[in-house]
Amino acid sequence: MDTHETPVITAKGLELWYGSAQALRNVDIDIPERKVTALIGPSGCGKSTFLKTLDRMNDLVPGVTIKGSVRYRGQEIYSPEVDVTWLRKQIGMVFQKPNPFPMSIYDNIAYGPRTHGIRNKAKLDEIVEKSLRGAAIWDEVKDRLRKSALSLSGGQQQRVCIARALAVEPDVLLMDEATSALDPISTSKIEELIEDLKNSYTIVIVTHNMQQATRISDKCAFFLLGELIEYGDTDQMFSVPRDRRTEDYITGRFG
Amino acid sequence: MRKTFDAELLELNEELTAMARTAQDAIDVVTESLSSDDEAAAKAAIEMTSSMDQMERDIENRCLQLLLRQQPVARDLRAISAAMKMVTDLQRIGDQAANIAEISLLLSRQGVVKVPQDIGIMSCKAGLMVKQAISAYTGRDVETAHAVVNLDDEVDDLFSQVKRELIEEVAENKDEADSSIDFIIIAKYLERIADHAVNIAQWAIFCVTGEL
């Protein structure tokens, strides 16, 4: 990793089991600040599992065992004194399927800040506008903030979900195949949005779309059978991958 | 998986090999025309190289199709982008062989036959370099590619030698200055052909290592 890249998240010797099935094997990785890091690999390779360990979403899975270290800005996130609500405020998640709450667009965005104790109407208005602008959807919804978020198209719903994640002013944004359920136009809007967001946030995406990984990520990590096989600059990985298994996967010689 | 893509990459290799073979044959025939004062051979060489323009377009077209449809990465991306670059070198080689053939036609009409021996040697080496450079590419063979790069020094030395000899000849025998200058031009074309073969060899190396 280049010396000017400060790691925001550092995993060392990370291992994870679902019951007796090992899903992550000795993963070491530094996620750099204000870059887009893409996690790629075939289904079941552990990339989504890894993403979920970063904001402790795997805690909810029964029978899960996690070993090793994950540090967020130096803080061991699996340490008992860590407040998971605090962690998830710092590290937001956007999922594959847009999942707005069944409430108005406004309330979707205001939900997080309200949970964190903000009650002031003017302050909430400001956060809602700023977040929707940040997610490049303000112009499309500003006249119907009181309408249900479920009335929006899939691409708009996904951007509302991104706005909802931004509303609590996170540091890191995790996206689990955030565009795989969207049409090409919505996808390209979200990709452009990711390009903008990386100026202010550290972004980690999981994607099955190799072209998307090459288009928008700075760093790329290839997982296979729970192992991190190769991690490096995206340009390098897609032109001269170091590991034969990476090459076979990205060129479609696999499976 | 990716049966079609692999088959198309093989076809691309075959097209490049065919084009390289045409270039090499043209160089052989043109050299033959020089030493045997054979107008028909010179015309045949020009005819051969004219088909190379179409070959170039076909290969470029195939590469563009592959980029569009397969969106290649890693070694596939390197192979296709290298092919797009080296096809231009092959086409230039064809042009230069045709230029030599045109001079050869003029020379034979003037009844000049005494071609410097080193030009024949240069021509053999240049032709061999073209053939080896393409086989280095299709066989992903870095060693052969380096051999081509090294051969270039020999061709450069031969060019310097031919030039020296011809300058002396011009000094001694002003009446044949015209043909001596034509021979220098031919030697220069052969030296350029060898340079294009080096470019192709370097693309073959890029294809394997990713190093430009």
> Which value, in debye to the nearest 20, gives the size of the charge dipole of the stretch A:7-250 about its Cα centre, when Lys and Arg are +1 and Asp and Glu are -1 at the Cβ?
Replying inline: 700
> Do the sum for chain A: with -39,500 (n - 2.57) for every DSSP H run of n ≥ 4, divided by all residues, what is the mean residue ellipticity at 222 nm, to the nearest 500 deg cm²/dmol?
Replying inline: -10500 deg cm²/dmol
> Considering only Cα-Cα distances, which of the following residue pairs are longer than 22 Å: A:47/A:97; A:67/A:97; A:12/A:52?
Replying inline: A:67/A:97
>> Given the whole protein assembly as supplied and a 1.4 Å probe, what does the accessible area of residue B:146 come to in Å², nearest 10?
In response: 90
> Helix A:184-197 versus the longest principal axis of chain A: what angle, 0 to 90°, nearest 10, using Cα atoms?
Replying inline: 90
> Which angle from 0 to 90°, rounded to the nearest 10, does the C-alpha axis of helix A:105-115 make with the longest principal axis of chain A?
Replying inline: 70
> Going by a ≥ b ≥ c, the root eigenvalues of the Cα gyration tensor, does the stretch A:176-227 fall in the rounded group (a/c under 1.5), the prolate group (a/b larger than b/c) or the oblate group?
Replying inline: oblate
> To the nearest 20 debye, what is the magnitude of the charge dipole of chain B about its Cα centre, counting +1 on the Cβ of each Lys and Arg and -1 on the Cβ of each Asp and Glu?
Replying inline: 980
> For chain B, with the dipole built from +1 on Lys and Arg beta-carbon atoms and -1 on Asp and Glu ones, taken about the Cα centre, which of B:19, B:74, B:59 lies farthest toward the positive end?
Replying inline: B:74
> For A:245-254, what's the mean count of beta carbons from other chains sitting within 10 Å of each residue's beta carbon?
Replying inline: 4
> Can you give the calculated 222 nm mean residue ellipticity of chain B, where each DSSP H run of n ≥ 4 adds -39,500 (n - 2.57) and the sum is split over every residue, rounded to the nearest 500 deg cm²/dmol?
Replying inline: -32000 deg cm²/dmol
>> Which order do you get for B:184, B:27 if you rank them by accessible area with a 1.4 Å probe, largest at the top?
In response: B:184, B:27
> Using alpha-carbon pairs under 8 Å, 6+ residues apart, how would you state the relative contact order of chain B in percent?
Replying inline: 28
>> Quick query: amide H of residue A:94 versus all other amide H atoms, modeled in the peptide plane; which residues come in under 5 Å with a sequence gap of 5 or more or a different chain?
In response: A:174, A:175, A:176
> For residue B:124 and residue A:101, FRET efficiency with R0 = 56 Å and r from the beta-carbon atoms, rounded to 0.05?
Replying inline: 0.10
>> Projecting each Cα onto the charge dipole of the protein assembly as shown (Lys/Arg +1, Asp/Glu -1 at the beta carbon, about the Cα centre), which of A:241, B:180, A:51 comes out farthest on the positive side?
In response: A:51
> What residues have an amide H closer than 5 Å to that of residue A:226, excluding those fewer than 5 places away on the same chain, when H is modeled at 1.01 Å from N in the peptide plane?
Replying inline: A:46
> Can you give the average number of partner chain beta-carbon atoms within 10 Å of each beta-carbon in peptide A:233-239, as a whole number?
Replying inline: 2
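Size of the dipole of the stretch A:118-255 about the Cα centre, Lys and Arg at +1 and Asp and Glu at -1 on the beta carbon, nothing else charged, in debye to 20?
The calculated dipole for the stretch A:118-255 is roughly 640 debye.
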> Considering only DSSP beta bridges whose two residues both sit in the stretch A:7-250, what percent are antiparallel, to the nearest 5?
Replying inline: 60
> Counting DSSP beta bridges with both partners in the protein assembly as shown, what percentage is antiparallel, nearest 5?
Replying inline: 60
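Please compute, for peptide B:63-75, the average count of beta-carbon atoms on other protein chains lying within 10 Å of each residue's beta-carbon.
Details: counts 0, 0, 0, 0, 0, 0, 0, 2, 3, 4, 13, 12, 8.
Counting other chains' Cβ atoms within 10 Å and averaging over B:63-75 gives 3.
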> Hey, what angle do you get for helix B:177-209 against the long axis of chain B, alpha-carbon based, 0 to 90 degrees rounded to 10?
Replying inline: 20
>> Residue by residue through the stretch A:128-137, what is 3J(HN,Hα) from phi via Karplus (6.51 cos²θ - 1.76 cosθ + 1.60, θ = phi - 60°)? Round to whole Hz and write x for glycine and proline.
In response: 4, 5, 4, 5, 5, 5, x, 9, 6, 10
> Of B:204, B:159, B:170, which is farthest along the charge dipole of the stretch B:126-212 in the positive direction, counting Lys and Arg as +1 and Asp and Glu as -1 at C-beta?
Replying inline: B:204
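The values are calculated or read from the model by the stated rules, or taken from the named source; none is laboratory data. These figures come from a predicted structure and were not determined experimentally. For neighbour counting, all protein chains shown are included, and Cβ atoms are generated from backbone atoms with ideal geometry for every residue, glycine included. Surface areas here come from the heavy atoms of the whole protein model, side chains and all, with no ligands, DNA or RNA. Shrake-Rupley method; radii C 1.70, N 1.55, O 1.52, S 1.80 Å.
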